[in-house]
Amino acid sequence: IVMTQTPLSSPVTLGQSASISCRSSESLVHTDGNTYLSWLLQRPGQPPRLLIYKISNRFSGVPDRFSGSGAGTDFTLKISRVEAEDVGVYYCTQATQFPYTFGQGTKLEIK
Amino acid sequence: QLQLQESGPGLVKSSETLSLTCTVSGGSISRSGSDWGWLRQPPGEGLEWIGTFHNTGNTYYNPSLESRVSISVDSSKNQFSLKLYSVTATDTAVYYCARTYGDYLHLEYWGQGIQVTVSS
């Protein structure tokens, strides 16, 4: 399954919102009815960390400024009130089907 | 809090075997529902999934690497390992180990990563 993210770069003003789109080449609905679409954030020099799982569920400790939505093949990550600590590369990833695949990454930077 | 730590040589010669170990602390590698995986990130590039030891006991590999990769688990040491055979310069990357829990908490815990360079 090919994952395509847009945009690849997103300059944003502190306090404003940012939105990242992720599209899959096939439906990510598993035979068990769940959709295993997750979002990760990789800050500079760090390993990625899980933000959102199963489209819209925030992982432990993730601020509610982060929200995920979508269904089937189209998904969105929205970051409200962007803070300096949100800078990094965001990846969508699917675990519905092996091989697990990732989007190319979207670099969020502050204007 | 679960912690994962990669270890192994940072430099491997071309055509030889890359061997890495991930040590799990703060929890049991045998915990029901846990999948243990390896990923990598070439310099300046995105993430690539290498393979996963699934909680069903099956091991799944990226088709692009399947012919030369092996993942195994040593429960007695709370470790799992990666072997990548016949490496070339294109295998130079930061290698990460990670855990997925319950199929849905995909890549919830990561190691810090280990830089592996393949030299000619």
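Readers should treat all values here as calculations from the given coordinates under stated rules, not as data from a laboratory. Keep in mind the model is a prediction, meaning the values are calculated, not measured. Cβ atoms come from the backbone with ideal geometry, glycine included; neighbour counts cover every protein chain shown.
Comparing A:Ser60, A:Ser80, A:Ser24 in a Gaussian network model of chain A (Cα springs below 10 Å), the most mobile by mean-square fluctuation is A:Ser60. Inter-chain Cβ neighbour count for A:88-98, averaged per residue, equals 3 (cutoff 10 Å, partner chain atoms only). Only alpha carbons enter this Debye calculation for chain B, each as an equal point scatterer, and the log10 of I(q)/I(0) it gives at q = 0.14, 0.17, 0.19 Å⁻¹ is -0.53, -0.79, -0.98. Which values of log₁₀ I(q)/I(0), to two decimal places, follow from the Debye formula for segment A:1-95 at q = 0.19, 0.21 Å⁻¹ with a uniform point scatterer at every Cα? For segment A:1-95 at q = 0.19, 0.21 Å⁻¹, log10 I(q)/I(0) is -0.87, -1.06. In Å³ and rounded to a whole number, note down the convex hull volume per residue for the Cα atoms of the protein assembly as shown. In the protein assembly as shown, the Cα hull volume divided by residue count equals 117 Å³.
Averaging Cα coordinates gives a centre for segment A:1-50 and one for segment B:42-66; these two points are 19 Å apart.
Sum up the charges of everything whose Cβ sits under 12 Å from the Cβ of A:Gly72, counting Lys and Arg as +1 and Asp and Glu as -1, but leave A:Gly72 out.
Working: positive: A:Arg23; negative: A:Glu26, A:Asp74.
Overall, the nearby charge balance is -1.
The calculated FRET efficiency for A:Gln16 paired with B:Gln1, based on their beta-carbon distance and R0 = 45 Å, is about 0.85. Annotation: lysines with alpha-carbon distance below 25 angstrom to A:Lys111 (same-chain offsets under eight excluded): A:Lys78.
Label-to-label distance for B:Ala89 and B:Ser32 is 5.1 nm, based on points extended 7 Å past Cα in the beta-carbon direction. For a straight C-alpha distance cut-off of 20 angstrom, the aspartates and glutamates reachable from B:Lys77 (same-chain residues fewer than eight places away being disregarded) are B:Glu6, B:Asp35.
Around B:Ala89, with a cut-off of 13 angstrom between Cβ atoms, what is the net charge of the other residues, counting Lys and Arg +1 and Asp and Glu -1? Can you show the working numbers first?
Values: positive: B:Lys13; negative: B:Glu16, B:Asp91.
Local net charge: -1.
Normalising the Debye intensity of segment A:54-102 to I(0), with uniform scatterers on Cα atoms only, and taking log10 at q = 0.16, 0.27 Å⁻¹ returns -0.54, -1.23.
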